[in-house]
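Working notes, structure below.
Please treat every number below as a calculation from the coordinates, not as lab data. Worth saying up front: this structure is predicted, and the values here are computed from it rather than measured. When we count neighbours, we look across all protein chains shown, and the Cβ atoms used for this are built from the backbone with ideal geometry, even at glycine.
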Amino acid sequence: AINIVLAIGLNIIYGFTGMFSLGHAGFMAIGAYVATLLTMSPAVKNANFFMEPIEPWLLNIQLPFPISLLIAGVIAALFAILIGIPVLKLGDDYLGIATLGFAEIIRVIINNLPTVTNGSMGIKNLPDVINIYGMYAIAGLTVFFAWRLTNNSYGRALKAIRENEIAAEASGISLLKHKVLAFS
């Protein structure tokens, strides 16, 4: 079910908009770490962070999974917007190289923040907060959202950008706005 959600996200970037982005995994990692850190209990956090203690402000935060999932999505989208605004002005292969570079920077930062991400040891004993039916419900909502996207004016604008950016811009479509929204 997680792979369905990721594939839909890639389809919006590659399929609808035609942007060659290789940084999807970096934003996925940001969202995964945020959701995990927000749902873990303080006892599990202490068990994971035995080499270097977790940041004190993160230790006692424990939120329900739906709230953590929304917060993680918003934070990952904010990072995508911050990275996307300067990078989306590049085209084709240069966009792919730049987004791959940002994904690598995110990986290096995650490995070098042991008090937040537990560094290269990762996080173990993840909480069991959702069952398979809940995951498939989220995947179904994502598929429904993508299906609705294809049939509205925003989806047609993304397809127009994919087909011909110059013609799309000439017809009044804001390239940067639509690309940044699709990227995030």
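Just want to confirm a number: the relative contact order over the chain, from Cα pairs under 8 angstrom separated by 6+ residues, in percent. Could you put the intermediate results ahead of the total?
Working: 201 pairs, mean separation 64.4, N = 184.
For the chain, the relative contact order is 35 percent.
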Tilt, helix 153-163 to longest principal axis of the chain (alpha-carbon atoms), in degrees rounded to tens, equals 70 degrees
With everything on Cα atoms, drop me the angle between helix 65-87 and the longest principal axis of the chain, reported from 0 to 90° to the nearest 10. 50 degrees
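What FRET efficiency, computed as 1/(1 + (r/R0)^6) with R0 = 22 Å and r the Cβ-Cβ distance, is obtained for Ile130 and Ile61, rounded to the nearest 0.05?
Between Ile130 and Ile61 the formula returns 0.75.
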How would you classify the range 100-155 from its alpha-carbon gyration tensor, with a ≥ b ≥ c the square roots of the eigenvalues: rounded for a/c under 1.5, else prolate if a/b is greater than b/c, otherwise oblate? oblate
Counting other C-beta atoms within 10 Å, and keeping those with at most 11, which DSSP coil chymotrypsin sites (Phe, Trp or Tyr not before Pro) do you find in the range 29-67? Phe50
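So what is the calculated 222 nm ellipticity per residue for the chain, using -39500 (n - 2.57) for each DSSP H run with n of 4 or more, over all residues, to the nearest 500 deg cm²/dmol? Display every interim value, and only then the final one.
Working: 11 runs with 128 residues, N = 184.
Value at 222 nm, helices only: -21500 deg cm²/dmol.
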Filtered hits (lysines, Cα-Cα < 25 Å from Lys45, offset >= 8 within chain) -> Lys124
Between the range 39-93 and the range 6-32, the Cα center-to-center distance that results, in Å: 17 Å
Tell me which lysines have Cα within less than 27 Å of Lys159's Cα, excluding those fewer than 8 residues away on the same chain? Lys89, Lys177, Lys179
Ile109 label point, 7 Å along Cα→Cβ, cut-off 18 Å on backbone N: hits in the range 14-46? 22-38
